[in-house]
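J.: Dropping the structure in here first, questions after.
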Amino acid sequence: MSKDEQEQIKKLEKIKDNWQKKRLFYKNELVKFDDTGKRFELQQEIDSYEEKIEEITQEIESLRQKKLQKNKYIWQRISQEMENIPIQDKPIEEVFVTNKKTEPVVTSQWHDSVILWLSKLTQEGGQQEDWEIVTADNAIDRFSRRDISPKEARALAVFFLQYLAEEPSLKDETVDLVLKTAIKNLNEYDGRTSKPNTQMDKAFHKVMQSCFAKQCHHQLLQGYIQTTGEIRRTIGSIFLYTIATNSEVLNTENANRKLNPLLEQLTTADLVEERVEAGLRLVEEFFRPHIYNTHVRIDFLSNELLHRVINTLLAVAKANTGENNAIASTAIWALGWLTNSRFCDNYTAYTFTEAELDFLRQFATNKEQDVFGRSWSVSLLSVCTSEKPVFAQAEWIHEWAIIADGGKPQKQLPDPKPLDRPEDKVVLEYLISSDLPKEAKRRVAIALGRIGYFINKMVEPLLQIFQDNTFVSDKRDEALVYLVFTGGSQVISALINGINSPKDHSDQYGLPERCFLALIGMGDVDALRQQLERGKENQIDINGLAYALAGVVNPKGRRVLEFIKHNHRQKEIRDAAANALSRSAQWNYNNAKQVSPNYSSNNEDRFLAQQGHNIHKLKAKDSTGRWAYYFVYVEPRKEQAFLNVLESDQGVNLEDYGKVVGSCYGEQPDDQLLAFLKEKYGFSV
């Protein structure tokens, strides 16, 4: 019904009410008079108003029937639309679009059509005489509670959330229903990155810019508190989108001003909601610097403030268990981002006492605690040490590339050095064997790898990380390194399948190449021989396989090459074996102390081509005092030290931090250098 028609009914109702009052007035006057003439005159007035009231009642009823018919028609149209919701799989934008991840959404035509019909439903359903009228509240309530497939439920939840962002006139309970339904339909791709990616992420973000922001804030906070496990992380991440501001990133100057009020609220607020929100805001403060630099270290806090932050977070985690475990989990989550435990490097800004480490162990194994917080405490244990975690002990994949290029023998690869953490080993072995959900087991497997203990139960969680293209490259590389050190037939099979997988042009990570280098790093003679004898299927580098066989500790590798050299039917494979045996003799002659000076760098070049995010460009004076422009591959584990030394006045040897991939004299890169970088590595500068 149109707004004009609604106004007309209201106007007629007002006129009718006035006439009824006048009729009542004349009836009251009638009893006061005995005079027949006067009574006749009053009765005529009464009869006149009764006729008018009857006429206007019929007019109002006619308009109401018209209103009801229109409402019924609109309701039928919406019901028809809801009977068969057209769903399409929409690619998830940003980081997931190249990974071919999709999410179910309603088609744009259906979306626009239903929005239009919902807007036509009257919002005035509260009056008793309008009990037959269907409102937008009624429609949302009915269709939100239907028994439909998970795919339809997800798409419909996003749709109603998007409708909410348009600020329709709805009851508070309807708004809460839409928000709760959306939270119920979150999935593993929501809240995965530093900004909204899925349609659900974006819809929540828009609602937080609407008149329903306060209710959205409340429902997300309640959802975070009332849930457990990985869904708590998802809700927490979406909540962080909604509270994120454009304010300055945490730094030395603003740290006290930003952190002290949150620490105060975390420890003294009366309501659980207030304390959890303070904890989440601390997570946001410690997380935001990593948006701009993945490997940034929050080591700029004053010693007094750093101790206060860590002591407060640990004290809060200790004091809040049971029903309040959301507070404890949030404190551990904040501590995890403070120490950058998601990425592999030891945290040295603060030395955790044995009692504090023991608490983290107890927290990780406490089944009364939320598994989300427990898994973050596992990550904390893996970096809170003075020793370098295994992944940070060498540039492992780069080392494998040098082996594949014949730069040095495979047996000269550095060995991983296990950390002296027997108590952590016991805890992590217990957890990897327990019934933790897969997300938590992944963190446990990574933690075991970091401290240098490799067991078969790690393989499946590590493969899940390595083979999942929604994980960032550094995380997949770390999982791959630990798979190589764990070894075994399952790992070899997964690597061979990866090497021989079909070419995928959207694969920016380079899965087949990574699997090839990992097989080189493992040095398993039988697996290397099998791949070498298959020849150049899928463009595999047979020379790299032969170099690996020539350089392994096991003398069987060279015996295999001797056999292939004399007996294989394909000449190119016989030549590869002969070339590798010749390179082996050269290694022995040089006593294999250094990388061979004239080795081909094909595999190393391919590796570096995938490391554009780790290439730094800078202008500096060389040892002769001339200006030069450099492009330097900086090993991730050395990036912060590299940035620190650049900010100082001291001289720097660039090769101490990685590899110079290109340089020229001058204060800008010249055309020759730019062409070289484009041709060799695919870099467009």
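We did not get these values from a lab; they are worked out from the coordinates using the rules stated. For clarity, every value in this text was computed on a predicted model and none was experimentally measured. Quick reminder, even Gly has a Cβ in these numbers, built from the backbone with ideal geometry, and neighbours come from all protein chains shown.
J.: For the charge dipole of the chain, defined by +1 on Lys and Arg C-beta atoms and -1 on Asp and Glu C-beta atoms about the Cα centroid, which residue among Ile243, Leu116, Ile15 has the Cα displaced farthest towards the positive pole?
T.: Value: Ile243.
J.: Here is a further query. Quick one: length gained pulling Lys120 to Val426 fully straight, 0.36 nm per residue minus the C-alpha distance?
T.: So the chain would gain 103.8 nm between Lys120 and Val426.
J.: Once the Cβ-Cβ distance between Val31 and Lys72 is put in as r, and R0 is 56 Å, what FRET efficiency do you end up with, to the nearest 0.05?
T.: With R0 = 56 Å, the Cβ-Cβ based efficiency is 0.75.
J.: Along the Cα-to-Cβ line of Thr228, 7 Å from the Cα, sits a label point; which residues in region 324-342 have backbone N less than 18 Å from it?
T.: Within reach of a label on Thr228: 324-333.
J.: What is the extension gain from Glu368 to Thr353, computed as 0.36 nm multiplied by their sequence separation minus the C-alpha to C-alpha distance, in nm to one decimal?
T.: Working: separation 15, 0.36 × 15 = 5.40 nm, distance 2.41 nm.
Result: 3.0 nm gained on full extension.
J.: Between Glu273 and Ser489, what is the FRET efficiency for a Förster distance of 45 Å, r being their Cβ-Cβ separation, to the nearest 0.05?
T.: Efficiency computed from Cβ-Cβ geometry: 0.30.
J.: What ranking do 35-47, 72-84 get when scored by the average of other Cβ atoms within 10 Å per residue, highest first?
T.: By packing density, highest mean first, the sequence is 72-84, 35-47.
J.: Could you list the residues of region 333-347 with an amide nitrogen less than 11 Å from a label point located 7 Å from the Cα of Asp299 in the Cα-to-C-beta direction?
T.: 346-347
J.: Sticking with this structure for a sec: Compare the peptides 274-285, 542-553, 413-424, 305-316 by average per-residue count of other Cβ atoms within 10 angstrom and give them in order, highest first. All intermediate terms of the calculation are to be shown ahead of the outcome.
T.: Working: 274-285: 22.6, 542-553: 25.3, 413-424: 15.3, 305-316: 18.2.
Going by the mean number of other Cβ atoms within 10 Å, highest first, we get 542-553, 274-285, 305-316, 413-424.
J.: Compute the label zone of Lys52 within region 9-26: residues whose backbone N is under 14 Å from the point 7 Å along Cα-to-Cβ.
T.: 12-26
J.: What pairs in Lys425/Lys457; Lys67/Lys180; Lys70/Lys202 have C-alpha atoms more than 24 Å from each other?
T.: Checking Cα-Cα distances, Lys67/Lys180; Lys70/Lys202 exceed 24 Å.
J.: While we're on this one: Mind checking the full-extension length gain between Gln530 and Leu618? Use 0.36 nm per residue of separation minus the Cα-Cα distance, one decimal, nm.
T.: 27.2 nm
J.: Just the Cα atoms of the chain: what Rg and Dmax do they give in Å?
T.: Spelled out, the Cα radius of gyration and Dmax of the chain are 35.0, 141 Å.
J.: Modelling each spin label as a point 7 Å along the Cα-to-Cβ direction, I'd like the Lys318/Ser79 distance in nm, to one decimal.
T.: For Lys318 paired with Ser79, the spin-label model returns 6.3 nm.
J.: Modelled label-to-label distance, Asp468 and Asn260, 7 Å Cα→beta-carbon offset: nm?
T.: Modelled inter-label distance: 4.1 nm.
J.: In deg cm²/dmol and to the nearest 500, what is the mean residue ellipticity at 222 nm of the chain if only DSSP H runs of at least 4 residues count, each as -39500 (n - 2.57), divided by the residue total?
T.: -19500 deg cm²/dmol
J.: May I ask you to derive the relative contact order of region 250-386, considering only C-alpha pairs under 8 Å and at least 6 residues apart, and to give it as an integer percent?
T.: Reported as a whole number, the value is 24 percent.
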